[in-house]
1. Output the number of residues of the range 110-137 satisfying the condition of being open to solvent by less than 50 Å² (accessible area, probe 1.4 Å) and outside any helix (DSSP H, G or I).
2. At least 3 residues that are of a type outside the set (A, V, I, L, M, F, W, C) and open to solvent by 10 Å² or more (accessible area, probe 1.4 Å) in each: list the helices (runs of 4 or more DSSP H) lying fully within the range 150-213 that qualify.
3. Is it fair to say Leu147 is in contact with a helix residue (DSSP H, G or I) (Cβ under 6 Å, 6 or more places away or on another chain), of a type in the set (A, V, I, L, M, F, W, C) and open to solvent by 10 Å² or more (accessible area, probe 1.4 Å)?
4. Take the conditions touching a residue at least 24 places away in the same chain (Cβ under 8 Å), acidic (Asp, Glu) and not in a loop (DSSP other than H, G, I, E, B) and apply them to Glu56. Does it pass?
5. Look at Ala48 and say whether it is open to solvent by 40 Å² or more (accessible area, probe 1.4 Å), part of a helix (DSSP H, G or I) and under 26 Å from Tyr171 (Cβ atoms).
6. Which one is most open to solvent (accessible area, probe 1.4 Å), of the residues in the range 67-109 that are in a loop (DSSP other than H, G, I, E, B) and of a type in the set (A, V, I, L, M)?
7. Condition first: over 22 Å from Asp50 (Cβ atoms) and polar (S, T, N, Q). Can you find one or more residues in the range 169-180 that meet it?
8. I need a count of the residues in the range 102-134 that are in contact (Cβ under 8 Å) with a residue 40 or more places away in the chain and more than 25 Å from Asp202 (Cα to Cα).
Amino acid sequence: MTRWPSHPPDCPGWEYEDHPEKKTILPLRVAEVLRDLVARQLDTRQVALDTRGVHEHCFLQLTPASCIYYAGHYRGEAYRCLLHYQVGVPSDPRVGSPPQSVAFLMSELAMILGSGFASLDANSSLAPKDRLRYLIVLCARVFELFLRIHRFANGNGHAARFLLWSALGRYDHWPPNWPVEPPPPRGPYYAAITAYRNGNRDALESYILATLT
């Protein structure tokens, strides 16, 4: 990820893919979270609204030794190497909100998701097909927004996929074809996200719906 000049020059960047234990630690930690979600040992609503806990659980052992707070904390939080940690994705300049905006944007995202849950919970008379459609529309919206904000220094894709597991699973729609680690096949996955940002909402909504079958 790109680091801007305001970021202290002695702060390490973070690329967990380069950690020698990544292939051992990350799949195990992801499996533990998914197991606990499905068993309802984790509150699906709480995880969907705030993924910091599961992010920390999965990535704590994969951070730079001097910056273990990269796991479980947002960019812009009051940690020396996160306060001004900016990120960018060369293929899509829309990704990567300024660090000073992350906390506010995440509170907005939580309000959108929480309101969506409240609407679903209050309308128990909806036909199952209609309830699922509403849920898919909600999930696609917050998933894309989560990724565009890019709240963490790294590991945002995993956290976003946990969010969807939690939101869908809250209503007993566990997605058998929505892997967290390793990520879904890059081509169709990225294409659906980009299409959504470009105004084609159906691409990502259909992609998410297909993970349930």
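1. Summing the residues that are open to solvent by less than 50 Å² (accessible area, probe 1.4 Å) and outside any helix (DSSP H, G or I) in the range 110-137 gives 1.
2. Those helices (runs of 4 or more DSSP H) span 186-197, 201-210.
3. yes
4. No: the conditions fail for Glu56.
5. no
6. Residue satisfying both the conditions and the ranking: Ala78.
7. Taking every residue of the range 169-180 in turn, at least one turns out to be over 22 Å from Asp50 (Cβ atoms) and polar (S, T, N, Q).
8. 1
The values are calculated or read from the model by the stated rules, or taken from the named source; none is laboratory data. These numbers were taken from a predicted model, which means no experiment stands behind them. Because the Cβ atoms are built from the backbone with ideal geometry, glycine has one as well, and the counts that use them run over all protein chains shown. Side chains are part of the model used for accessible areas, which takes the heavy atoms of the whole protein and leaves out ligands, DNA and RNA. Shrake-Rupley method; radii C 1.70, N 1.55, O 1.52, S 1.80 Å.
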